[in-house]
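Taking it in order: structure first as structure tokens, then the write-up.
All of the numbers you see were taken from the coordinates with simple rules; none came from a lab. What you see is a predicted model, and the numbers here were worked out from it, not measured in a lab. We place every Cβ from the backbone using ideal geometry, glycine too, and count neighbours over all the protein chains shown.
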Amino acid sequence: MTNEDKITKSAPMTKPLVGIPLPDLNLVPEFERGFWEGTKEHELRIQECTACKQMRHLPTPMCPYCHSLTHEWTKVSGRGTVYANLIVRQPNHPSLQQQVPYNITLVELEEQDGDIRLISNILNIEQEDIYIGMPVHVVFIAAEDNPDVILPVFVPDVDQ
Ligand SMILES: [Zn+2]
């Protein structure tokens, strides 16, 4: 029996986590509203500085590159690769107790030399099979706790 035989793989996540804090779309500040307006349209939109054209995520009021206060929202492809990943087996909040194991994954988008990264989850794959550099793409799923909030999550590219 090899070490590999001893690993019991975790079932794939099939939906976003339930019971996590969600944005209140009436209170989201203007500088990050475009992100959530985008997910409602099933588009991944990233904040882009109108002065120096650098994209950034998480959204901020001021450009960290040139200090401009103006921005626009740029639709990106939604394709990327896994940059970092962990599997949570012991949740730190009671609402997550029935949902373990789940993965928290940092996805690096293909745009802008790979310095745009989103924290999300990878669905539809046994979680030990997620690897750094794995090609993924975004899908959009309504939050169970508030269907007005559309969450971006990722799935493996089928032809990887
Ligand atoms: Zn700028």
Next on the checklist: With unit charges on the beta carbons (Lys and Arg positive, Asp and Glu negative) and the dipole taken about the Cα centre of the chain, which residue among Gln98, Asn26, Thr60 sits farthest to the positive side?
Outcome noted: Gln98
Checklist outcome for this item: For the chain, the convex hull over Cα atoms projects on average to an area in nm² of 10.9 nm²
Checklist outcome for this item: A correct Karplus calculation of ³J(HN,Hα) over segment 26-38, with 6.51 cos²θ - 1.76 cosθ + 1.60, θ = phi - 60°, whole Hz and x for Gly and Pro, returns 7, 10, 4, x, 3, 6, 10, 4, x, 5, 6, 5, x
Checklist entry - Across bins of 10 angstrom width beginning at 0, how are the C-alpha pair distances of segment 29-75 distributed, in whole percent? => result 32, 55, 13
Checklist entry - Which whole-Hz ³J(HN,Hα) couplings does segment 111-119 yield from phi under the Karplus relation 6.51 cos²θ - 1.76 cosθ + 1.60, θ = phi - 60°, glycine and proline marked x? => result 6, 6, 6, x, 10, 10, 10, 10, 7
Item to check | For segment 129-160 versus segment 72-111, the gap between their alpha-carbon centres in whole angstrom | outcome: 8 Å
Checklist outcome for this item: Summing +1 per Lys or Arg and -1 per Asp or Glu among the other residues with Cβ less than 12 Å from Val149's Cβ gives -4
Item to check | Estimated vicinal HN-Hα couplings, Hz - segment 85-90 in sequence order (Karplus 6.51, -1.76, 1.60; Gly, Pro = x) | outcome: 7, 9, 10, 8, 10, 10
Checklist outcome for this item: Burial-style ranking of 144-152, 84-92, average other-beta-carbon count within 10 Å with highest first, yields 144-152, 84-92
Checklist entry - When ranked by the protection proxy of mean other Cβ atoms within 10 Å per residue, highest first, what sequence do the peptides 130-137, 93-100 form? => result 130-137, 93-100
Next on the checklist: So for each of 73-83, 49-59 I average, over its residues, the number of other beta carbons within 10 Å; can you give me the resulting order with the highest mean first?
Outcome noted: 73-83, 49-59
Next on the checklist: Give me Ile46, Ile20 sorted ascending by neighbouring Cβ count inside 10 Å, so fewest comes first.
Outcome noted: Ile20, Ile46
Next on the checklist: Return the unpartnered cysteines for the chain, using a Cβ-Cβ cut-off of under 4.7 Å.
Outcome noted: none
